[in-house]
Amino acid sequence: MTKNKFHPQTLSVRAGSEMTAYGENSEALFLNSSFRFDSAAQAAARFGGSEPGNIYSRFTNPTVTVFQNKLAALEGAEQCVATSTGMSAILACVMGLCSAGDHIVASRSIFGTSVQLFSNILARWGLHVTFVSLTDLAEWQSAVTDHTKLFFVETPSNPLTEVCDIAALANIAHQVGAYLVVDNCFCTPAIQQPLALGADIIIHSATKYIDGQGRCLGGAVLGSKVLMEPVYGFLRTAGVTMSAFNAWVFLKGLETLYVRMDAHARNALALASWLEQQPGVARVYYPGLSSHPQHALALRQQSSGGGIVSFEVRTKAGQTPQQAAWALIDATKLISITANLGDAKSTITHPATTTHSRVTAEARAAAGIVDGLVRIAVGLEHIDDLKADLSMLTALA
Ligand SMILES: *Cc1c(COP(=O)(O)O)cnc(C)c1O
């Protein structure tokens, strides 16, 4: 199928699909570990690489291949390497492309576990990491060393939804011979396509919006064939492979990705606009609001504000900010209290005591993650039911 003839919505439903001899209309699930050869000579040719084809599901599996090809079509990437989780996608990317002595410049506002992976684990193997402000491009520039190999960002950031100028950052990276890696988990290709903006590599936690219904763990690394070759080489040797079953679930998720992301964003914008009007809310963070400091940039590089909204709860007399935030969270009956995101079910979390509790209080304050901050990953319920669940915010005293 020639990829570029179709709209992205059509690609999400159709791209990558391969039928077996049975003519199934929904992709088959190949739940097998190894593949048979017609002869010893064919086995040798497959292992030697002179004949393409499947050998063993740690390397390739037809269901995983269809998932990879579909996601690559949506991101406009030459190649996709599917992994067991989002974290193993980041690990495979770094292990494939970096060596001891190399340096990474990363945004301070990345997923907490990514910070731990860089600082506590990869650092033991001789990788150096400098953390900088997501939005201060001069800081990126001055953090560069002779050994800088990768720039690593997430945009919009979690939980404050700060937006980074991907094209400008890619320029800086390329001037110093580094690759720009964008973790595109919050937007998905339905909202933002980092490669088209100049980034070199995309990371996904498929666990989030690609699944979309909170079922499976998975991840992906995408980029040019040249960059993905060593990433795939790491994966097939180290075994951080995506399971065929999970790939099959993610394939179904991708078919509805555009419809879901539109609905998530519509609900999130409606909720963010409503929150801005409530006496119990001090401040709302959502890129789709004109009050967002980088609203214009967000509109330029994203097709919507996405599904994540954060806000500061106003404290009542005698309450600490944390008590105010916890009181709101505990008053919800519909929205799930969990730190996961990208689910049809709306989720609510208190970043200061959950996702960001391992960050020191000073670093949290510097990053603006105050004790009164609440994050909602807006799901697909009716907007009026979500507002009703947060009705505590409609009154001040
Ligand atoms: C969840 C998440 C990850 C890690 O993904 P897992 O599938 O949980 O390993 C990485 N980056 C971002 C932005 C995430 O939200």
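The values are calculated or read from the model by the stated rules, or taken from the named source; none is laboratory data. These figures come from a predicted structure and were not determined experimentally. Cβ coordinates were reconstructed from backbone atoms using ideal geometry, including for glycine residues, and neighbour counts include every protein chain displayed. Each accessible area value is taken on the protein alone, full model and side chains, heavy atoms only, with ligands, DNA and RNA left out. Shrake-Rupley method; radii C 1.70, N 1.55, O 1.52, S 1.80 Å.
Using helices alone, I'd like the mean residue ellipticity at 222 nm for the chain: each DSSP H run of four-plus residues gives -39500 (n - 2.57), total over residue count, nearest 500. Don't skip to the answer; put the middle values down first.
On the way: 14 runs with 142 residues, N = 397.
Mean residue ellipticity at 222 nm (helix-derived): -10500 deg cm²/dmol.
My understanding is that a pair violates if its Cα-Cα distance is over 26 Å; which of LYS70/LYS208; LYS208/LYS316; LYS208/LYS387; LYS316/LYS345 do that in this structure? Display every interim value, and only then the final one.
Numbers: LYS70/LYS208 17 Å; LYS208/LYS316 34 Å; LYS208/LYS387 23 Å; LYS316/LYS345 29 Å.
Over 26 Å apart, Cα to Cα: LYS208/LYS316; LYS316/LYS345.
Kindly report the accessible area of the range 258-394 per residue (heavy atoms of protein chains, probe 1.4 Å, no ligands, DNA or RNA), in Å². All intermediate terms of the calculation are to be shown ahead of the outcome.
Values: 6080 Å² over 137 residues.
Accessible surface, normalised per residue, equals 44 Å².
Find how many whole Å separate the alpha carbon centroid of the range 70-102 from the alpha carbon centroid of the range 193-263.
8 Å
Using a 10 angstrom Cβ neighbour count of at most 12 plus a DSSP loop assignment to flag exposed GluC sites (Glu not before Pro), which longest range of the chain is free of such sites?
Values: sites that count: GLU18, GLU24.
Result, exposed sites excluded: 25-397.
Ignoring ligands and nucleic acids, what accessible area does LEU299 show with a 1.4 Å probe (Å², nearest 10)?
LEU299 exposes around 100 Å² with every protein chain in place.
Under a Cβ-only charge scheme (Lys and Arg +1, Asp and Glu -1), can you give me the dipole magnitude of the chain about the Cα centre, in debye to the nearest 20?
Here the size comes out at about 360 debye.
Toward the positive end of the charge dipole of the chain, about the Cα centre and with charges on Cβ (Lys, Arg +1; Asp, Glu -1), which of ALA41, ILE121, VAL226 goes farthest?
Farthest towards the positive pole: ALA41.
Picking from GLY23, GLY306, GLY177, which is most flexible by a Gaussian network model of the chain using Cα springs under 10 Å?
It is GLY23.
Ordering HIS204, HIS295, HIS147 by how much accessible area each has at a 1.4 Å probe, largest first, what is the list?
HIS147, HIS295, HIS204
If exposed trypsin sites (Lys or Arg not before Pro) are those in a DSSP loop with at most 12 other Cβ within 10 Å, what is the longest stretch of the chain that has none?
Between the exposed loop sites, the longest stretch runs 37-332.
Please report, as a whole percent, how much of the solvent-accessible surface of the range 1-94 comes from carbon and sulfur atoms (probe radius 1.4 Å).
Ligands and nucleic acids excluded, carbon and sulfur reach 54 percent.
Using a 1.4 angstrom probe on the protein heavy atoms only, could you order MET19, MET87 from most to least accessible area? Please list the in-between numbers first.
Values: MET19 135, MET87 45 Å².
From most accessible down to least: MET19, MET87.
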